[in-house]
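For reference, the structure discussed in these notes is given below.
The values are calculated or read from the model by the stated rules, or taken from the named source; none is laboratory data. All of these numbers come straight from a predicted model, not from anything done at the bench. Backbone-built Cβ (ideal geometry, glycine too); neighbour counts: all protein chains shown. Keep in mind that these areas ignore ligands, DNA and RNA; they rest on the heavy atoms of the full protein, side chains included. Shrake-Rupley method; radii C 1.70, N 1.55, O 1.52, S 1.80 Å.
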Amino acid sequence: TKQALTAVHRAALAAMAWQLPGRVELLVLLCAFVAASVFVALTFSPDGPPPSYHVKFEATALLSSQYSGAEDLPAAARIEDEALEPLNVEKLAAVESSRGGNKEKIAFVVVVTKDGPVLDGAGVLREAIRRSCWADYGATAEGSTRYDYEYIAITNDEAVSPAMEDGLRRLRWKVDRRPLPVPVKDIEDPIYQEMVHKAGCCGAAEFLKLYAFALLEYKRVVLLDMDSFVMGCLDPLFDDNSTILFTYDMGMCKHCGRGPDEKVPPYQGGFFVVRPSQEHFDALAGIVRQGDFREPKTKRKGVGWAGTGIGWYWGGRTIQGIFPYYFSVVRPGVSKELDPCVYNNMVDNEACQTIAAAEVRNCHFTVCQKPWKCRAARWRYDAEHQLCRELHNKWFDARAEAAISLQLVDHDDVQSWAGTRTARQLACTEKGNYVPLLEVTR
């Protein structure tokens with residue numbers, strides 16, 4: 001409103017200075033008022049500003065540089081009133097100009113297999129990705145100056161409710177509802193067809209991750225679980241020409257190793273960087289359709305995928321087994337392992353427990369427990385898992401930022417919290433219960 005009145009006032013001064021006729025002067029004032037009203041309406045839409053118009057929340061960025069101590073109140077809860085002014089048009093134009101119109105696109109993809117308490121995870125993850133490169137490039141409206149980021153939630157059309165999808169849209173994820181790439185009834189092997197429902201965390205729905213290879217309009221697709229978190233810029237990975245970048249999950253297969261004569265370990269399913277390829281999508285879907293995963297005590301030789309032993313571990317009947325089988329046996333030489341302490345850090349070994357938090361680009365809350373499991377998460381803050389505390393604090397800080405940028409909290413409430421509660425205390429009650437930013441109600 002302040003900017004609208006300012007625009008009308010300036011137009012009036014200009015009209016008087018130009019000594020325009022009365023009717024023309026009135027027309028100038030009317031046009032200025034309409035333009036200013038449209039600007040205010042767009043800026044303060046009930047549905048929130050369009051995804052590319054986040055500059056007005058820029059004051060909440062980079063909290064770590066504005067407060068000391070993991071338990072201090074984040075700067076997002078200490079914003080000065082002037083930081084909440086409407087969009088600065090000149091700054092917005094500069095940002096939009098820097099984005100350009102022909103940059104290559106990167107898709108950040110989460111796969112949603114069912115309703116559940118992970119919705120906040122999606123909102124915080126998107127906010128973290130959006131800010132992840134600001135330390136490298138400076139604050140921009142959306143993520144990177146090199147690429148255009150898009151956020152896609154692939155949902156299972158058999159198990160995810162419309163309410164869950166509406167929640168994802170409210171958190172500014174594009175919902176892409178898809179069937180399984182291979183219907184279970186089309187799997188040729190009867191034993192595998194029966195067993196795949198019980199495989200890993202999510203059964204056959206885990207194969208929705210194969211669609212990352214089919215998103216051909218993107219330069220790269222980053223697959224992330226919703227219980228993961230991004231803290232550093234991932235752009236350098238997109239220069240690598242490997243078909244898939246991954247980390248091993250050595251904890252799931254103690255007798256596996258990286259040597260040529262050792263059993264191939266599982267790929268950790270919470271983080272992949274994929275170069276889309278219809279050829280690889282079709283080949284992987286074909287392996288699922290054939291279903292040659294061999295169980296012990298059958299007449300067929302060997303166990304695991306095609307009897308190679310690959311996949312004979314938890315999650316190996318789906319993504320964590322089919323990927324290492326395909327990229328080690330069927331199409332070797334096109335995959336690349338990343339440092340599991342820098343990327344997809346699970347704090348599951350000494351090296352990954354002692355690395356500095358500032359060196360971690362992204363993490364996966366497995367050993368550390370999910371931040372929204374407030375009481376259980378604190379049980380992991382022993383001497384070996386102090387990094388868990390730091391990673392959780394970063395997640396809670398990002399949650400506070402997301403609450404503001406997604407307009408899920410009132411700014412007056414934020415001001416009233418200043419100096420009274422930490423970001424963690426805003427999310428977890430004294431009894432250890434989590435307070436969701438957004439809940440799914442059917």
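Computed with a 1.4 Å probe on the full set of protein chains, the accessible area for residue 149 sits at about 20 Å². How much net charge surrounds residue 195 when only the other residues with a Cβ under 12 Å from the Cβ of residue 195 are counted, with Lys and Arg +1 and Asp and Glu -1? Net charge around residue 195: 0. Normalising the average separation of contacting C-alpha pairs (under 8 angstrom, six or more residues apart) by the number of residues puts the relative contact order of segment 344-439 at 25 percent. Spread over its residues, the convex hull of the C-alpha atoms of segment 328-406 is 140 Å³ per residue. Each Lys or Arg adds one and each Asp or Glu subtracts one; over the other residues with Cβ under 15 Å from the Cβ of residue 217, this totals +2. Summing Lys, Arg as +1 and Asp, Glu as -1, what charge do residues with Cβ under 12 Å from the Cβ of residue 317 carry, residue 317 excluded? Net charge around residue 317: -3. Translational D (Stokes-Einstein, µm²/s) of segment 103-342 at 20 °C and 1.002 mPa s when Rh comes from the Kirkwood sum over C-alpha pairs? Reported coefficient: 116 µm²/s. Surface exposure of segment 344-439, expressed per residue as accessible area with a 1.4 Å probe, stands at 47 Å².
Taking every protein chain into account, the 1.4 Å probe leaves residue 114 with about 120 Å² of accessible area, to the nearest ten.
When peptides 288-296, 322-330, 267-275 are sorted by average Cβ neighbour count within 10 Å, with the highest value leading, the order is 267-275, 322-330, 288-296. Would you mind checking the pairs 114/219; 185/219; 105/185; 114/301; 103/209 and listing those with alpha carbons more than 31 angstrom apart? Beyond 31 Å between Cα atoms: 185/219; 105/185; 114/301.
What segment 103-342 shows is 37 Å² of accessible area per residue, with the surface traced by a 1.4 Å probe over protein heavy atoms.
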